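K.L.:
Got a structure here, written out as structure tokens. Questions coming.
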Amino acid sequence: MVGEGRRSYLTHIFLWIIIPLILFPIIWIVSTSIRRDQAAFSTRLFSSRLTLQNYIDLLTPEKNMPVLIQELQNLISRTPPYNEWDLPKIEKLINEDIDSIDKYLKETQDRYRNSKESFNKINIYLIQKKGEIKDKNIKNLENLLNFINKKLPKEGSYFRKEKNINESNLIKREYTFIQDKILNIYITFNKEISSELDKILKDIKGNINLASFSDYPKNIKNLVDKLDKYPDLHYVSNKLRNILKLMDQKKDKRIFYDTEKLCLKISYLIEELEKNISILKEKENKLALLNQKNEFLEMQEILGGQEQKEELEEHKTKYDELKTLIKDIDEKINIINTSDNLETIISEFSAIEERLTEFISDYIFNYGRDEIVSKIEEVAGKLRWFQEYNTLLEKYNIFSKNIEDIFEKSRIYLSEFISNWRSLLETSIKGEFVTSSSLDNFYNLIKMDYVNLVAPNLNVVSKKAGDLMDLIPYKEMNGNLDRIDGELFRIDQIWKQKTKHYFLNWVRNSILVAGFAAIITTIVCSVAAYPFSRMRFWGRRYGIMTLLLIQMFPSAVYMIAIYSLLNLLGRFVPFLGLDTLTGLTFVYLGGIAYNMYIIKGFYDTIPDSLEESAMIDGATRFQTFYKIVIPLARPILAVVIILTFMNVFNEFIFASIILQDAKKYTYAIGLWTFSTGPYLTEWGLFTAAALLGMLPMTILFLSLQKYIVSGLTKGAVKG
């Protein structure tokens, strides 16, 4: 029982770890689809700025200001399809559009007033909290300055000199130890290696107990070249040359086994010698550097007396930068203490945060991360909201001025159009092409003034308001910040030019193509599988396997052939040609062999006796098929419908080749355009489209799910 409890405990831990990993992509898609911002790659998975606007844009696109103005211009010019409309219908739509524009202008002004009211409330609240803001943040900065001051060096040159002398003594001891190691290596060469080489020379001359080493002369020559670098080891290299000379005189080029071991030993000793000589040189350089520093410090003592000197040269720049930072912050604190203006206080705290952020970046790059930079980061994080609010303050004032100019000009252009649209329409009905200069100016106002002057500042204010809800320590302000964000977001939706899409068309096209392909495939396969299951004829055994093997070829192999076939068919049967949904459906009927094999396997599980009994009672073979076999085979037919529908609904390659008209795209191609085309940065729209596109498959799956398990398992068992 204890073992089972432990296993259950471990299972629950495993599930708690693995389930979030599996569900993370879905959670990301859902959260991104309902965000007001476009921060798809934000470190925060969930946002407080939520909206259903992405779903509204996909399902019921709104006729906002740019769309209405363009529609009015088309109505006045009577471009297709309005050239076929009668006059009362055109006049009715013009009046409706004018009313819509007027409502949008009123809504924009109301929402702007609401945002300004919230903006003023925030300023009033901060003015009331001005003293608390100053005291609290100045205290944090003073604590930071005290912390940095404690970390600045206090030791004089005498202390550093003693430290350098201790380090010099340590290096001298290490230096002596390395010298002894090198001496021992030379002694080993002189005594052991030399005597062993003499023995090998003697054995080679005697030519006894030889073993073959075809590449050994080359290895010995490499050792000789290395030994030649050391004059004290020439006697060893000369003896190795004698070995090479004797080996060259032997026709079979052989040498003793002991020679190989000795050469390995020589090679190892050479490596040790080179390594220790390198270390010895490093110690010599370090010792020379310390001696120079000691001389420099002695000179400082002579010239400076008891004065505090700078830290070692390599640390001098870092401490100078810290001292400069302390000086800059002190100056800012003095300005804040002497000021009673909220904007000045906000601006100075913002400047301090910016200075700290720049210092952190440079400090980490030059000196790495330590407790000083961690403390600075902590204080900078508490001041970050000043920077965000200062930006919001600046951008909102610019936005406010520009949006009021937009209102004034919009009213003028709309009034001009209302006064002369009837005369323009009468001229257009007579056959002359006319446009409204008022609408042209109105549209240019949106495309130029709004896009360049209003939208950038509006979006920054909206984003900063959302960020401040998480950063500002005064949560009482969150309601007004959220109101500013929401009102400005709605204003942007009214005025911005949105990229036109055909999402509902794409989903409908996919449902039609996938639905017809699934139904036709199921009907054909259910009929074709019956003879292979019930009848005996020549080619029955290998016919279905041949079809399966043909279908195993990847679709890329016959992609060009399919394109050429549809191009040819389109000349004689237009509805089966390229850029047609019927032609695409025809292409998707190529999976018949696989589905036929699945259905045949299910038919085999239905007893023959049922059909035989029916035929004894007078039923024909066809009657037994559609009255007995088909009803019993509903589970597998449902499975084929679901699998075919899902495969076709998500298919991309053939659809992208065959379809060119954007209105005829299927869902898969349409979703691709959301990630690579004009919607590239609109991740909210992309993820919302992905979720909505799942609905047809989900609905079909849930409606037929009761057949799936029984259909797949029965079809897989041969009975």
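K.L.:
Return the residue satisfying two criteria in turn: it lies in region 96-124 and is of a type in the set (Lys, Arg) and within 37 Å of the chain's Cα centre (by Cα), and of such residues it is surrounded by the fewest Cβ atoms within 10 Å (Cβ to Cβ).
P.N.:
Looking at residues that are of a type in the set (Lys, Arg) and within 37 Å of the chain's Cα centre (by Cα), I get Lys116.
K.L.:
Does any residue of region 161-175 turn out to be surrounded by 11 or more Cβ atoms within 10 Å (Cβ to Cβ), modelled with pLDDT of 75 or more and in contact with a helix residue (DSSP H, G or I) (Cβ under 7 Å, 6 or more places away or on another chain)?
P.N.:
The answer is no; no qualifying residue exists.
K.L.:
Could you check region 55-91 and list, in sequence order, the residues that are among the polar types (S, T, N, Q), farther than 30 Å from Thr687 by Cα and surrounded by 14 or more Cβ atoms within 10 Å (Cβ to Cβ)?
P.N.:
Passing the criteria: Gln73, Asn74, Ser77.
K.L.:
Testing Ile208 on (1) assigned to a helix (DSSP H, G or I); (2) of a type in the set (A, V, I, L, M, F, W, C); (3) farther than 17 Å from Leu264 by Cβ; (4) at pLDDT below 75, one condition comes back false. Which one is that?
P.N.:
All conditions pass for Ile208, except number (1).
K.L.:
Condition check: touching a Lys or Arg at 6+ places or on another chain (Cβ under 8 Å) and among the charged types (D, E, K, R). Does Asp617 satisfy that?
P.N.:
Judged against the criteria, Asp617 is not a match.
K.L.:
On to the next question. For region 387-395, check the following and say yes or no: at least one residue is modelled with pLDDT under 90 and in a helix (DSSP H, G or I).
P.N.:
no
K.L.:
Now a separate question. How about region 614-656: which of its residues are surrounded by 15 or more Cβ atoms within 10 Å (Cβ to Cβ) and more than 25 Å from Ala514 (Cα to Cα)?
P.N.:
Correct list: Ala614, Ala619, Thr624, Phe625, Ile628, Val629.
K.L.:
Pick out the one residue from Tyr112, Tyr104 that is in a helix (DSSP H, G or I), over 30 Å from Tyr474 (Cα atoms), among the aromatic types (Phe, Trp, Tyr) and in the same structural domain as Thr427 (by TED's automatic domain parsing).
P.N.:
Selected residue: Tyr104, the only one of Tyr112, Tyr104 that is in a helix (DSSP H, G or I), over 30 Å from Tyr474 (Cα atoms), among the aromatic types (Phe, Trp, Tyr) and in the same structural domain as Thr427 (by TED's automatic domain parsing).
K.L.:
Looking at Leu481, Leu439, Leu488, Leu468, which one is of a type in the set (A, V, I, L, M, F, W, C), within 19 Å of Gln53 (Cα to Cα) and in contact (Cβ under 8 Å) with a residue 60 or more places away in the chain?
P.N.:
Only one candidate passes the filter, namely Leu488.
K.L.:
A further question follows. When both residues are 6+ apart or on different chains and their Cβ atoms are under 7 Å apart, which pairs have a first residue that lies in region 570-597 and is more than 20 Å from Leu643 (Cα to Cα) and not assigned by TED's automatic domain parsing to the domain that holds Asn509, and a second that is surrounded by fewer than 16 Cβ atoms within 10 Å (Cβ to Cβ) and of a type outside the set (Lys, Arg)?
P.N.:
Hits for this filter: zero, empty list.
K.L.:
Out of Ser423, Ser419, Ser436, report the one residue that is under 30 Å from Ile94 (Cα atoms) and surrounded by 14 or more Cβ atoms within 10 Å (Cβ to Cβ).
P.N.:
None of the other options fit; the residue is Ser436.
K.L.:
Within region 583-613, how many residues are over 54 Å from the mean Cα position of the chain (by Cα) and surrounded by 17 or more Cβ atoms within 10 Å (Cβ to Cβ)?
P.N.:
1
K.L.:
I've got another one for you. Determine whether Ile403 is buried (at least 19 other Cβ atoms within 10 Å of the Cβ) and either of a type in the set (S, T, N, Q) or at pLDDT 90 or above (or both).
P.N.:
yes
K.L.:
Is it true that Phe386 is more than 30 Å from Phe359 (Cβ to Cβ) and either buried (at least 18 other Cβ atoms within 10 Å of the Cβ) or in the same structural domain as Tyr82 (by TED's automatic domain parsing) (or both)?
P.N.:
no
K.L.:
Please give the helices (runs of 4 or more DSSP H) falling wholly within region 530-635 in which 2 or more residues are touching a Leu at 6+ places or on another chain (Cβ under 7 Å).
P.N.:
Here the list reads 559-572, 581-587, 592-603.
K.L.:
Looking only at region 25-58, filter to residues that are modelled with pLDDT under 80 and among the aromatic types (Phe, Trp, Tyr); which one of those is nearest to Ser675 (Cα to Cα)?
P.N.:
Phe41
K.L.:
OK, next. (1) within 17 Å of Ser438 (Cβ to Cβ); (2) within 43 Å of the chain's Cα centre (by Cα); (3) not hydrophobic (A, V, I, L, M, F, W, C): which one isn't true of Ser77, the others all being true?
P.N.:
(2)
K.L.:
Is there a residue being aliphatic (A, V, I, L, M), surrounded by fewer than 20 Cβ atoms within 10 Å (Cβ to Cβ) and either on the phi > 0 side of the Ramachandran plot or modelled with pLDDT of 90 or more (or both) anywhere in region 532-545?
P.N.:
Looking for residues that are aliphatic (A, V, I, L, M), surrounded by fewer than 20 Cβ atoms within 10 Å (Cβ to Cβ) and either on the phi > 0 side of the Ramachandran plot or modelled with pLDDT of 90 or more (or both), one finds none in region 532-545, hence no.
K.L.:
Pairs, please: C-beta under 7 Å, at least 6 apart or cross-chain, first residue outside the structural domain of Thr687 (by TED's automatic domain parsing) and in region 10-29, second modelled with pLDDT of 80 or more?
P.N.:
Filtered contacts from region 10-29: Ile29/Thr687; Ile29/Ala690; Ile29/Leu691.
The values are calculated or read from the model by the stated rules, or taken from the named source; none is laboratory data. If you're wondering where the values come from, they're calculated on a predicted model, not measured in any experiment. FYI the Cβ positions are ideal-geometry reconstructions off the backbone, even for glycines, and counts take in every protein chain you see.
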